[in-house]
Amino acid sequence: MDLYKRLDKDLRPIPKKPDGSIDPYGLGLEDNDIDALRHAYISGVYTIEYNAGTAEKMGRLNELTSFNSQSTSVLSENMDFWNNAIGRSYGKCSKNWDDLYLKLMKALKAGELIIDLEDARKYKGEKSIKRLPKSFVIKIKESKTGANTEFLDIRKKMVMSKEQFIEAIRAGRYPGYAVRKHHSGEFPYSTRDRFSFNNLG
């Protein structure tokens, strides 16, 4: 919501509710410059807070709800994926969220973002998957030594620490995962399946 408030001031007016507050579901927020900046910014924030790999996964997973929608076009998906990638690239070199926002506003004005569905540029990276397993958890943070320390349950949109995830696995709430003992402690891992980016080791 803070992003929309800023765009309402810096870019152009955002739809308002009767009480004058921003309406995030108002008309005119899809497949345009505002939509482009929003996708890029969110992807950039994930890059700053976690890393580019996690941001890329989150971008693909975000498209799952619209992937099978008849109202979502291939052109719209291409636009979202392209702008997510731009956001990640700027997230890597931004000091904080504000710095990211300013960089992306310049990128928008320079024509780096796709703001029109008829734009001929094509996203070349990996696209969304069509179906999720019943339990789907990805790593979103790791220690300096590379150990997974924080996880996200995609379906429940719930963040868990390593200890919380291990407890949930042992309670039988995540049948596709198990706990592996290591000399440095215990770690959750996923059993093999056809979904490549939910691999936890």
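Can you sort V159, V45, V74, V137 by how many other beta carbons sit within 10 Å, fewest first? All intermediate terms of the calculation are to be shown ahead of the outcome.
Values: V159 13, V45 20, V74 9, V137 24.
By the 10 Å Cβ count, ascending, the order reads V74, V159, V45, V137.
So, counting K/R as plus one and D/E as minus one, what does the shell of residues with Cβ under 11 Å around D116 add up to?
Residues near D116 contribute -4 overall.
For the residue pair R12 and K122, what label-to-label distance in nm results when each label sits 7 Å from Cα along the Cα-to-beta-carbon direction?
Between R12 and K122, the simple spin-label model gives 2.9 nm.
Quick one: order M79, M158, M58 by neighbouring beta-carbon count within 10 Å, fewest to most.
Fewest-to-most ranking of M79, M158, M58: M158, M58, M79.
Suppose every Lys and Arg Cβ carries +1 and every Asp and Glu Cβ carries -1, with no other charges. What dipole size does the chain come out with about its Cα centre, to the nearest 20 debye?
820 debye
Using just the C-alpha positions of the chain as equal point scatterers, what log10 of I(q)/I(0) does the Debye formula give at each q in 0.09, 0.12, 0.18 1/Å?
Listed by q, the Debye log ratios stand at -0.41, -0.69, -1.24.
Let's test this: bin the Cα-Cα distances of the stretch 137-198 at 10 Å from zero up to the farthest pair and state each bin's percent.
That works out to 21, 59, 19, 0, in percent per bin.
Using the Kirkwood radius over C-alpha pairs as Rh, can you work out the diffusion coefficient of the stretch 2-109 via Stokes-Einstein at 4 °C, viscosity 1.567 mPa s, in µm² per second?
Answer from the Stokes-Einstein relation: 90 µm²/s.
Where a number appears in this text, it was derived from the coordinates with a stated rule and is not lab data. Because the structure is predicted, anything quoted here is derived from the model rather than measured. FYI the Cβ positions are ideal-geometry reconstructions off the backbone, even for glycines, and counts take in every protein chain you see.
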